[in-house]
1. Long-range amide H contacts for residue A:26: which residues qualify at under 5 Å (H placed 1.01 Å from N, peptide plane, sequence gap of 5 or more or a different chain)?
2. Can you tally the net charge around residue B:84? Count Lys and Arg as +1, Asp and Glu as -1, for every other residue whose Cβ sits under 14 Å from the Cβ of residue B:84.
3. Which whole number gives the average count of other chain Cβ atoms within 10 Å of the Cβ atoms across peptide A:77-86?
4. According to the square roots a ≥ b ≥ c of the eigenvalues of the Cα gyration tensor, what is the shape class of the protein assembly as shown, taking rounded for a/c under 1.5, prolate for a/b larger than b/c otherwise, and oblate for the remainder?
5. Long-range amide H contacts for residue A:53: which residues qualify at under 5 Å (H placed 1.01 Å from N, peptide plane, sequence gap of 5 or more or a different chain)?
6. Net charge near residue B:132, counting Lys/Arg +1 and Asp/Glu -1 over other residues with Cβ under 9 Å of its Cβ?
7. Let me know the shape class of region B:3-152, please: from the alpha-carbon gyration tensor, a ≥ b ≥ c as square roots of the eigenvalues, rounded when a/c is under 1.5, otherwise prolate if a/b is greater than b/c, or oblate.
8. For a protection proxy built on the mean count of beta-carbon atoms within 10 angstrom, sort A:21-29, A:112-120, A:128-136 highest first, please.
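The numbers here are math on the coordinates, done by the rules we state, and not lab data. Note that the structure is a prediction, hence the values are computed from the model and not measured. Quick reminder, even Gly has a Cβ in these numbers, built from the backbone with ideal geometry, and neighbours come from all protein chains shown.
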2 protein chains.
Amino acid sequence: MSTEDIGFKAALHEARQGSHEGGVPIGAALVSAEGKLLGQGHNMRIQNKSATLHAEISCLENAGRLPASSYRGATMYTTLSPCDMCTGACVMYKVKRVVIGENKTFVGGEEYLKSKGIEVVVLQNDECQDLMKKFIKEKPEDWYEDIGEEDK
Amino acid sequence: MSTEDIGFKAALHEARQGSHEGGVPIGAALVSAEGKLLGQGHNMRIQNKSATLHAEISCLENAGRLPASSYRGATMYTTLSPCDMCTGACVMYKVKRVVIGENKTFVGGEEYLKSKGIEVVVLQNDECQDLMKKFIKEKPEDWYEDIGEEDK
């Protein structure tokens, strides 16, 4: 299995888990330059009443305290284009690459990542998008709250 | 007491608390457009072995789930210039203003905040700077880890 598969599969697994829990179905996984899975997590807004545990933040938190060198050359996999907070977290820890499941539901800080020299790959995976479509149809107010937007 | 005082005093109180706990001494407080203290918190890297609970993230987390409207017109007070992650959190939630205790120790995403129409005020408060000077002298490796930098 390639490193790409390990990270994306872990992120998608987390998104499904979030969906099973009735939460915002977005997952993330961090894979080191050496191909080691450093951490994974999913959005915990509904489950933990959390304003900050987006998938990428949850993943970084679950990975725990790491020296700066651990993030060098690493890839952040996320099932949805990262918001400004999660984009900033990737920039701050200087990951090498961000692999995004889909960006049809929402486009976050992709251009900012690129401006900082971080490689961005968008997979346009149908399952990632379907999970979000279903969630937004059922709980639009929770989705808009999650990205700091007024309900539409 | 002005709103400015309430927010900055709460942030400074949090930074002192972090220092007492042996943690990275940075605090933050979020004050609504109406002058209500919505939340406050301090950096928890050392205390919680956390890779993401910077002061501003801790503050937003402690404020809990809020509708987008709660952040409109709000001010984030922080004792140190915000890193890219915390900058992104302020941009995502669209706060109106970020008041910074000092930016001599570290300059974060101030220009990015301004580019998004967020007002930035820097107080250059001596106590905020002294707390950081003392901490970095004692635990340089923890400070550099906190901002994703190699130890210098």
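1. A:43
2. Residues near residue B:84 contribute -4 overall.
3. 4
4. oblate
5. A:44
6. Net of charged neighbours comes to +1.
7. It comes out prolate by the Cα gyration axes.
8. Taking the mean over residues of other Cβ atoms within 10 Å, the ranking is A:21-29, A:128-136, A:112-120.
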